[in-house]
Amino acid sequence: MIVQTINGFDVTGDLKASDMVILSPGGGYGPNEAGYKKQYGRTWGASNGGVTNRYKCDQLPANLQGGCYWRYN
C-alpha cells in the first residue's frame with residue numbers, strides 16, 4: 001500500500017512547517033482539498049478522519065478502496 005506524506009505548510013496557518021501530514025486512502029483529504037478535488041472531482045468523508053465506516057469505502061474510487069479497507073480491517 002502507498003501512503004502520501006506532505007510537509008506541514010498550510011495556507012490557513014493551522015500547521016507548522018515541521019509537521020508532517022500522512023494521507024492514507026479513506027482517511028480524509030487533509031488540510032487542503034484542492035488536490036483531491038482536482039484528481040477525483042470531489043471529496044469523501046471528513047477532512048481529517050475520512051469515511052466513518054468500512055462500508056463507505058465502497059464509495060471511494062477503485063484505486064483507493066483497498067487502502068480504506070485496510071484501515072478498518
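The values are calculated or read from the model by the stated rules, or taken from the named source; none is laboratory data. Predicted, not measured: the structure shown is a model, and the values here were computed from it. We place every Cβ from the backbone using ideal geometry, glycine too, and count neighbours over all the protein chains shown. Just so you know, the surface numbers come from the protein's heavy atoms only, side chains and all, with ligands and any DNA or RNA stripped out. Shrake-Rupley method; radii C 1.70, N 1.55, O 1.52, S 1.80 Å.
See the values below:
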{"item": "Residue list for segment 54-73, filter: exposed (fewer than 11 other Cβ atoms within 10 Å of the Cβ) and assigned to a loop (DSSP other than H, G, I, E, B)", "result": "ASN73"}
{"item": "Selected residue (criterion: modelled with the lowest pLDDT) from residues of segment 35-49 that are more than 18 Å from GLN65 (Cβ to Cβ) and open to solvent by 60 Å² or more (accessible area, probe 1.4 Å)", "result": "ASN48"}
